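The values are calculated or read from the model by the stated rules, or taken from the named source; none is laboratory data. Predicted, not measured: the structure shown is a model, and the values here were computed from it. Cβ atoms come from the backbone with ideal geometry, glycine included; neighbour counts cover every protein chain shown.
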Amino acid sequence: MGEAPLENQHSRAAIFLAHAGGFLFIVAAAFWLRRITLPPDPLLQGYLQVISGLLAFVFTAVTLVRFQGTQDRISLILGAGFFLSGAALTASSALFFQFSVDAPVRLLWAPVAWWLGRMILSLLLIVALLVDRFIPRSRHPRREIAGALLAVVALTYAITAALRGFLPEVSRHPGTFFPTPQQLLPGAIFLVSLIWYRRRLQVEDSAFDRSIYIAAWLNVAAQLSAAESGRLLDAPFVFAEALTVLSYAIALGGALIDNARLFEQVRHLAVSDPLTGLANYRRLLDVLENETERTNRSGRSFSVLLLDLDGLKKINDNYGHLVGSHAICRLADVLRIHCRAIDTAARYGGDEFALVLPETQEEEAKRVANRIREVLANDDEQPPLSASIGISVYRGDGERIEKLLSEADRHLYEEKARRGKRAAAATHPRRRTPKT
């Protein structure tokens, strides 16, 4: 029992050292970049901010779609945060595209606008984690999120007004280790959210959450690099903006990957039975339609097996409905395990199943049916299961799907009737009259 906590301590220490090493590397790289003389380029500044803004807007749209599907309020709050941050960066980018030599003061807004965008995003990330932690369930999520956005905007304005004399403009002490220490404030907020989000990953380890975690890490690194900026739009500041663009791109990529996974789950749920995981009736009809078209083209027939679980009502009455549901799943597992990859097993009723066997003749279908009966008969789990099976074959003669299923259903109930007669005969055997 003592080994597991020790392993956890070693793992946490390794994670801490990895993060600390990464941040030290960023600081060292930014400190080295201070040696590079990079003249202020307003067009480069404008393009970087426009790219960041566009990525933020696309991320907002993707998170709105994710929120509609999952009701995950962190997605919505972060989407709003990225939208506000992107709006601030995009609006300020106009200053640099209209830059002229006669109005160089516009360049002085670059660190301030970037700092404001960082503050908004870092505060909203903290708010998102607070909402998720202390208000896990809410009846009015949109109202609360709107309040959170207003609170963040007001808080950002208050901080900006309080620190108006300390906003990150041109550094007054370019020779110090951190010439622009004001950039460390949003970096500290991002660091708190990074530590907090690490705990969330233990519960919600999705592509979206991992990408947000990486984006938060890159934003901490960007603020450390920006704090090394000693001159207007120098190399450390451009490096910080490049890290910001990368963080937006990673967050967007993670959101897109997670949305694709969610869409795939929705598509699977739309065509699958929730209890057994087999195809549902809708999917069964699509498969039958495709197989009939293929048979009409190729002339190769296919078979359909309809199965009915015997005595489900008796199982429910004697053992309970949970055991009855498990019996349905047991039969579904038999169909799933003992059919080919090209076959389609479906549940289209309470205890009724279908098995579509492409390019299968009647004799092969009978062998499949006998194999299913044999597997059920050899199952030692209680209660014992059996199934009545009807077979129909489509040979490309233009029959409708309904007729195909009706024929298999008729054979199924003929078999069920024969088995009922045999069971009755075994229970009440005829008595022989003695010879005189």
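What do you reckon, is Ser325 touching an Asp or Glu at 6+ places or on another chain (Cβ under 6 Å), surrounded by 14 or more Cβ atoms within 10 Å (Cβ to Cβ) and either among the hydroxyl-bearing types (Ser, Thr, Tyr) or over 14 Å from Leu288 (Cα atoms) (or both)? Steps first, please.
Numbers: touching an Asp or Glu at 6+ places or on another chain (Cβ under 6 Å): no; surrounded by 14 or more Cβ atoms within 10 Å (Cβ to Cβ): yes; either among the hydroxyl-bearing types (Ser, Thr, Tyr) or over 14 Å from Leu288 (Cα atoms) (or both): yes.
So Ser325 fails the test.
Of everything in the stretch 209-260, what is of a type in the set (Lys, Arg) and either outside the structural domain of Ser75 (by TED's automatic domain parsing) or at pLDDT below 85 (or both)? Give them in sequence order. Show your work before the answer.
Our first condition is that a residue be of a type in the set (Lys, Arg); within the stretch 209-260, this holds for 210, 231.
Matches in the stretch 209-260: Arg231 only.
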**Study point:** Checking Arg199 against (1) assigned by TED's automatic domain parsing to the domain that holds Trp114; (2) in contact (Cβ under 8 Å) with a residue 12 or more places away in the chain; (3) surrounded by fewer than 18 Cβ atoms within 10 Å (Cβ to Cβ), the condition it does not meet
**Key:** (2)
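Being among the small types (Gly, Ala, Ser) and within 28 Å of Arg294 (Cα to Cα), is that true of even one residue in the stretch 373-387?
Here is the first cut: in the stretch 373-387, the ones among the small types (Gly, Ala, Ser) are 377, 386-387.
Those still in the list that are within 28 Å of Arg294 (Cα to Cα) too: none.
No, there is no match, as no residue in the stretch 373-387 is among the small types (Gly, Ala, Ser) and within 28 Å of Arg294 (Cα to Cα).
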Point to revise | Residue among Leu256, Leu243, Leu224 that alone is surrounded by fewer than 19 Cβ atoms within 10 Å (Cβ to Cβ) and assigned to a helix (DSSP H, G or I) | key: Leu256
Point to revise | Residue satisfying all of: in the stretch 204-220; crowded, with 20+ Cβ neighbours inside 10 Å and small (Gly, Ala, Ser); farthest from the chain's Cα centre (by Cα) among these | key: Ala216
Check your understanding: Among the numbered criteria (1) of a type in the set (D, E, K, R); (2) under 30 Å from Phe83 (Cα atoms); (3) surrounded by 18 or more Cβ atoms within 10 Å (Cβ to Cβ), which single criterion is violated by Arg267?
Key -> (3)
Check your understanding: Cβ-Cβ below 6 Å, separation at least six or inter-chain, first residue in the stretch 37-50 and farther than 12 Å from Ala94 by Cα, second small (Gly, Ala, Ser): which pairs?
Key -> Leu38/Ala235
Check your understanding: Does any residue of the stretch 343-361 turn out to be free of Cβ contacts under 8 Å to residues at least 60 places away in the same chain and part of a helix (DSSP H, G or I)?
Key -> no
Practice item. Output the number of the condition that Asp308 fails; it satisfies all remaining conditions of (1) assigned to a helix (DSSP H, G or I); (2) in contact with a Leu (Cβ under 9 Å, 6 or more places away or on another chain). Key: (1)
Exercise for review: Considering only the stretch 173-229, state which residues are closer than 17 Å to Ser122 by Cα and among the acidic types (Asp, Glu).
Suggested key: Asp209
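For Arg410, indicate whether it is exposed (fewer than 15 other Cβ atoms within 10 Å of the Cβ) and outside any loop (DSSP other than H, G, I, E, B). Even if it seems obvious, please write down each step before you answer.
On the way: exposed (fewer than 15 other Cβ atoms within 10 Å of the Cβ): yes; outside any loop (DSSP other than H, G, I, E, B): yes.
Against the criterion (exposed (fewer than 15 other Cβ atoms within 10 Å of the Cβ) and outside any loop (DSSP other than H, G, I, E, B)), Arg410 qualifies.
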**Study point:** Residues located in the stretch 241-272, provided they are closer than 30 Å to Val287 by Cβ and of a type in the set (A, V, I, L, M, F, W, C)
**Key:** Ile257, Ala260, Leu262, Phe263, Val266, Leu269, Ala270, Val271
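Based on this model, can you work out whether Asn296 counts as under 20 Å from Ile342 (Cβ atoms) and not in a loop (DSSP other than H, G, I, E, B)? Can you show your working first?
Working: under 20 Å from Ile342 (Cβ atoms): yes; not in a loop (DSSP other than H, G, I, E, B): yes.
Answer is yes for this residue.
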Check your understanding: Restricting attention to the stretch 371-398, which residues are free of Cβ contacts under 8 Å to residues at least 24 places away in the same chain and among the acidic types (Asp, Glu)?
Key -> Glu374, Asp380, Asp397
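Hey, can you tell me all the residues within the stretch 376-407 that are in a loop (DSSP other than H, G, I, E, B) and surrounded by 20 or more Cβ atoms within 10 Å (Cβ to Cβ)?
First pass over the stretch 376-407, keeping only residues in a loop (DSSP other than H, G, I, E, B): 378-386, 395-400.
The one that is in a loop (DSSP other than H, G, I, E, B) and surrounded by 20 or more Cβ atoms within 10 Å (Cβ to Cβ): Leu385.
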